[in-house]
Amino acid sequence: MEIIDEAKNIVLIGLMGSGKSAVGRTIAKKLCRRFIDSDHYIERKAGKSIPEIFSQDGEEKFRAFEKEIIKKISQYVGIVIATGGGAIKDPENFKCLNESGWIVALYASPEVLYKRIAGKRARPLLTNHDDPVKALEEISNERKSMYAQAHFQVDTENKEINEIADEVISLLNANKEIHFRMS
Ligand code: S3P
């Protein structure tokens with residue numbers, strides 16, 4: 001039974017490779033909710049891939065697209081949202097997502113993140129780095145204060161996608177129960 005507030009979105013944030021899309025899709029399936037991946041949404045609207053947007057238009061243009069899309073999808077109700085890893089760098093994006101529901105930050109070490117994304121779809125922020133693990137560590141240091149503002153923090157290391165999805169759902173349900181008892 002789902003007792004998580006149905007009107008609230010479930011928003012996943014975290015670095016590249018933290019599992020936002022896979023976990024988000026699984027949570028959505030389990031809770032029969034709609035799932036939106038902000039990067040896919042941007043790609044559909046732009047008619048090109050994220051690496052193409054970065055190389056042809058630049059990061060600034062990508063962030064502008066991202067901002068527009070985050071504003072739009074934050075207005076949906078009761079969905080699951082996977083954000084691009086850098087979406088929460090913009091405080092206004094964070095505010096919109098925060099007002100739309102529960103924010104869950106997913107974590108793993110830079111080594112594990114890199115193992116997960118190596119050989120998968122290109123991540124423009126890592127492509128020109130000799131040491132992508134170090135680059136991930138630096139990005140993580142830059143963003144950790146934003147990720148820390150999430151309502152829930154979940155360690156994803158040594159866990160299967162299904163297990164992480166169940167952990168997020170349990171956290172949200174436990175939180176709802178506490179609110180329910182206190183009101
Ligand atoms: C980015 C993460 C990517 C994508 C873009 C920028 C970032 O999404 O939005 O390449 O700034 O961390 P994932 O987190 O899904 O890889």
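A quick yes/no check of all residues on (1) more than 10 Å from the ligand (Cβ to nearest atom); (2) under 27 Å from Asp5 (Cα atoms); (3) small (Gly, Ala, Ser); (4) buried (at least 17 other Cβ atoms within 10 Å of the Cβ):
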residue: Cys32; (1), (2), (3), (4): yes, yes, no, no
residue: His40; (1), (2), (3), (4): no, yes, no, no
residue: Arg44; (1), (2), (3), (4): yes, no, no, no
residue: Ile50; (1), (2), (3), (4): no, no, no, yes
residue: Ile53; (1), (2), (3), (4): no, no, no, yes
residue: Glu68; (1), (2), (3), (4): yes, yes, no, no
residue: Ala82; (1), (2), (3), (4): no, yes, yes, yes
residue: Gly85; (1), (2), (3), (4): no, yes, yes, yes
residue: Trp102; (1), (2), (3), (4): yes, yes, no, yes
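Among the residues of region 143-150, are any farther than 24 Å from Arg25 by Cβ, within 14 Å of the ligand (Cβ to nearest atom), of a type outside the set (S, T, N, Q) and surrounded by fewer than 22 Cβ atoms within 10 Å (Cβ to Cβ)? Yes - at least one qualifying residue is present in region 143-150. Counting only residues that are within 22 Å of Pro91 (Cβ to Cβ), in contact (Cβ under 8 Å) with a residue 24 or more places away in the chain and more than 10 Å from the ligand (Cβ to nearest atom), region 110-139 holds 0 of them.
If you go through region 3-24 and pick out every residue that is over 26 Å from Asn158 (Cβ atoms) and buried (at least 20 other Cβ atoms within 10 Å of the Cβ), you end up with 1.
Those helices (runs of 4 or more DSSP H) of region 99-164 in which at least 3 residues are at pLDDT 95 or above and under 27 Å from Ser49 (Cα atoms), considering only elements entirely within it, cover 110-117, 132-147.
Any residue at all in region 17-30 that is free of Cβ contacts under 8 Å to residues at least 12 places away in the same chain and away from the ligand (no atom under 16 Å from the Cβ)? So that I can check it myself, show each step before the final result.
In the first step, residues of region 17-30 are kept if they are free of Cβ contacts under 8 Å to residues at least 12 places away in the same chain; the result is 29.
Subsequent filtering for residues that are away from the ligand (no atom under 16 Å from the Cβ) retains 29.
Yes.
The values are calculated or read from the model by the stated rules, or taken from the named source; none is laboratory data. Since this is a predicted model, take the numbers as computed values, not measurements. Counting neighbours? That spans all protein chains shown, and the Cβs are built from the backbone with ideal geometry, glycine included.
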